[in-house]
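Participant: The structure is given below, and queries will be raised subsequently.
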Amino acid sequence: MKRIFQISPAFEDIMPAEYKELIENGPFHSNKGVLDLGTYKELLEEHPLCAGCGLALSLRLILAALPNPEDTIIVGSTGCSALAFPQVAIHNIHSLFGNQNAVASGLKRALSLRFPDQVKDVVVIAGDGATADIGLDMVMHSWFRQENITTIMLDNEAYANTGGQESGMSPEGAVLNMAPKGKKFAKISMPNLARESGCPYVATVTPANPNKLAKSIRRAILAARELGPSYVQVFAPCPTNFKFKPSETISIIKQRQKEGTYKTTEFVSEEAQELFACLEEEKNE
């Protein structure tokens, strides 16, 4: 499937050098992962996201963790992450705000019919506004229907690309540009909603631990292939709206983990445990 990303000979002379490198030295058919970052190209360097953006770092790690990037389609939505999707050499769809899980559901079903003998991973990557607020009904109903898709929330705890309004994922008491008196209710417990909605695999992770993040992304996608919907929540703090230095992103994450205000967790159903055990056994044979 790599031929899909190949540059047409008619445009080779005008394509930027960094995009050519993305095609020639990308992650396709290479079994490369987060430990190999820096030796290959998964994202154009000059992406339009803010310096120190936790979302940008998380997106790089997610892209590096995909088990089958050449046969993966990302479905995104309105938000900061949508600005970076044109920078990757992976098929992606920009859906209407909050509609991403409905689009992903239809896409996965269509791909299953069109390519019945091939693995095609459909992965939703969207922010907290699209996932937990505006798109919550679409998200939960895709879980109720047991669609074989993975949903990844990039949780920066605000509507970051439109001025810093509070979202359902903002911590209680958080003061933001458009929430001057602080948020009045607690952060929505999306992992609990996912688990109770029937997701066989649910995890909360941070880019401060790349290996754990990569393992969770991989597990979520493998579970979605065989068992049903999976959910991963990635803490991706925003220096622009929460007013900390770009260089402090990782230290802010570690501080929140130490305080217990953001916890990394993993829920693995019995079926998922059996699946992972079988896959590990096959890998070692």
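The values are calculated or read from the model by the stated rules, or taken from the named source; none is laboratory data. Just so we're clear, the structure is a prediction, and the values are computed from it rather than from any experiment. Methodologically, a virtual Cβ is constructed for each residue, glycine included, from the backbone with ideal geometry; neighbour enumeration extends over all protein chains shown. These accessible areas exclude ligands, DNA and RNA; they are computed on the full protein's heavy atoms, side chains included. Shrake-Rupley method; radii C 1.70, N 1.55, O 1.52, S 1.80 Å.
Participant: Quick check on Ala104: is it in contact with a strand residue (DSSP E or B) (Cβ under 7 Å, 6 or more places away or on another chain), of a type in the set (A, V, I, L, M, F, W, C) and open to solvent by less than 30 Å² (accessible area, probe 1.4 Å)? Don't jump to the end; show me each part of the working.
Facilitator: Working: in contact with a strand residue (DSSP E or B) (Cβ under 7 Å, 6 or more places away or on another chain): yes; of a type in the set (A, V, I, L, M, F, W, C): yes; open to solvent by less than 30 Å² (accessible area, probe 1.4 Å): yes.
Yes: the conditions hold for Ala104.
Participant: With the requirement that a residue be more than 13 Å from the chain's Cα centre (by Cα) and surrounded by fewer than 20 Cβ atoms within 10 Å (Cβ to Cβ), what does region 72-86 give you?
Facilitator: Leu83, Pro86
Participant: Which residues, counting only those in region 220-237, are crowded, with 24+ Cβ neighbours inside 10 Å and either touching an Asp or Glu at 6+ places or on another chain (Cβ under 8 Å) or over 30 Å from Ser105 (Cβ atoms) (or both)?
Facilitator: Answer for region 220-237, where residues must be crowded, with 24+ Cβ neighbours inside 10 Å and either touching an Asp or Glu at 6+ places or on another chain (Cβ under 8 Å) or over 30 Å from Ser105 (Cβ atoms) (or both): Ile221, Ala224, Pro229, Gln233, Val234, Phe235, Ala236, Pro237.
Participant: Assigned to a helix (DSSP H, G or I), over 27 Å from Gln146 (Cβ atoms) and among the aromatic types (Phe, Trp, Tyr): does that describe Tyr19?
Facilitator: Yes; evaluated as a whole, the condition is true for this residue.
Participant: Still on this structure, please answer the following. Out of (1) under 27 Å from Leu176 (Cβ atoms); (2) at pLDDT 95 or above; (3) touching a strand residue (DSSP E or B) at 6+ places or on another chain (Cβ under 6 Å); (4) not aromatic (Phe, Trp, Tyr), the odd one out for Ser230 is which?
Facilitator: (1) is the only condition that Ser230 fails.
Participant: Residue check, Ala158 against (1) within 21 Å of Asn92 (Cα to Cα); (2) at pLDDT below 95, all met but one. Which one?
Facilitator: All conditions are met except number (1).
Participant: Okay, next question. Only one residue in Ser197, Ser167 is open to solvent by less than 20 Å² (accessible area, probe 1.4 Å) and over 22 Å from Gly106 (Cβ atoms), so which one is that? Don't jump to the end; show me each part of the working.
Facilitator: Working: Ser197 fails: over 22 Å from Gly106 (Cβ atoms).
So the residue among Ser197, Ser167 that is open to solvent by less than 20 Å² (accessible area, probe 1.4 Å) and over 22 Å from Gly106 (Cβ atoms) is Ser167.
Participant: Same structure, new question: Considering only region 137-166, state which residues are closer than 23 Å to Val202 by Cβ and free of Cβ contacts under 8 Å to residues at least 40 places away in the same chain.
Facilitator: Here is the first cut: in region 137-166, the ones closer than 23 Å to Val202 by Cβ are 137-158.
Answer for region 137-166, where residues must be closer than 23 Å to Val202 by Cβ and free of Cβ contacts under 8 Å to residues at least 40 places away in the same chain: Asp137, Val139.
Participant: Going through Ala64, Ala89 one at a time, which residue ends up being part of a helix (DSSP H, G or I) and open to solvent by less than 30 Å² (accessible area, probe 1.4 Å)?
Facilitator: Values: Ala89 fails: part of a helix (DSSP H, G or I).
The conditions single out Ala64.
Participant: Also: What do you reckon, is Gly52 surrounded by 15 or more Cβ atoms within 10 Å (Cβ to Cβ) and outside any helix (DSSP H, G or I)?
Facilitator: On the way: surrounded by 15 or more Cβ atoms within 10 Å (Cβ to Cβ): yes; outside any helix (DSSP H, G or I): yes.
Yes; evaluated as a whole, the condition is true for this residue.
Participant: Do you know which residues across region 261-274 are free of Cβ contacts under 8 Å to residues at least 60 places away in the same chain and more than 16 Å from Asp155 (Cβ to Cβ)? Give the derivation first.
Facilitator: Pass one, region 261-274, residues free of Cβ contacts under 8 Å to residues at least 60 places away in the same chain: 262-263, 270, 273-274.
Passing the criteria: Glu270, Gln273, Glu274.
Participant: Kindly establish whether Thr240 is touching a helix residue (DSSP H, G or I) at 6+ places or on another chain (Cβ under 6 Å) and buried (at least 18 other Cβ atoms within 10 Å of the Cβ).
Facilitator: Working: touching a helix residue (DSSP H, G or I) at 6+ places or on another chain (Cβ under 6 Å): no; buried (at least 18 other Cβ atoms within 10 Å of the Cβ): yes.
In short, no.
Participant: Turning to a different aspect of this structure: Is there a residue being open to solvent by less than 30 Å² (accessible area, probe 1.4 Å), aliphatic (A, V, I, L, M) and under 23 Å from Thr204 (Cα atoms) anywhere in region 7-30?
Facilitator: Scanning region 7-30 turns up no residue that is open to solvent by less than 30 Å² (accessible area, probe 1.4 Å), aliphatic (A, V, I, L, M) and under 23 Å from Thr204 (Cα atoms).
The rows are residues; the columns are (1) more than 13 Å from the chain's Cα centre (by Cα); (2) open to solvent by less than 10 Å² (accessible area, probe 1.4 Å).
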{"residue": "Pro207", "(1), (2)": "no, yes"}
{"residue": "Arg218", "(1), (2)": "no, no"}
{"residue": "Lys245", "(1), (2)": "yes, no"}
{"residue": "Glu248", "(1), (2)": "yes, no"}
{"residue": "Ile253", "(1), (2)": "yes, yes"}
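Participant: Does Asp36 satisfy being among the charged types (D, E, K, R) and in contact with a Phe, Trp or Tyr (Cβ under 9 Å, 6 or more places away or on another chain)?
Facilitator: No, not satisfied.
Yes or no, residue by residue, for (1) part of a helix (DSSP H, G or I); (2) open to solvent by 10 Å² or more (accessible area, probe 1.4 Å):
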| residue | (1), (2) |
| --- | --- |
| Arg109 | yes, yes |
| Ser112 | yes, yes |
| Pro116 | no, yes |
| Val119 | no, yes |
| Val122 | no, no |
| Ala130 | yes, no |
| Asp137 | yes, yes |
| Met140 | yes, yes |
| Ile152 | no, no |
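Participant: In addition: Of the residues that sit in region 255-275 and are part of a helix (DSSP H, G or I) and more than 25 Å from Arg60 (Cβ to Cβ), which one is most open to solvent (accessible area, probe 1.4 Å)?
Facilitator: So the residue we want is Glu270.
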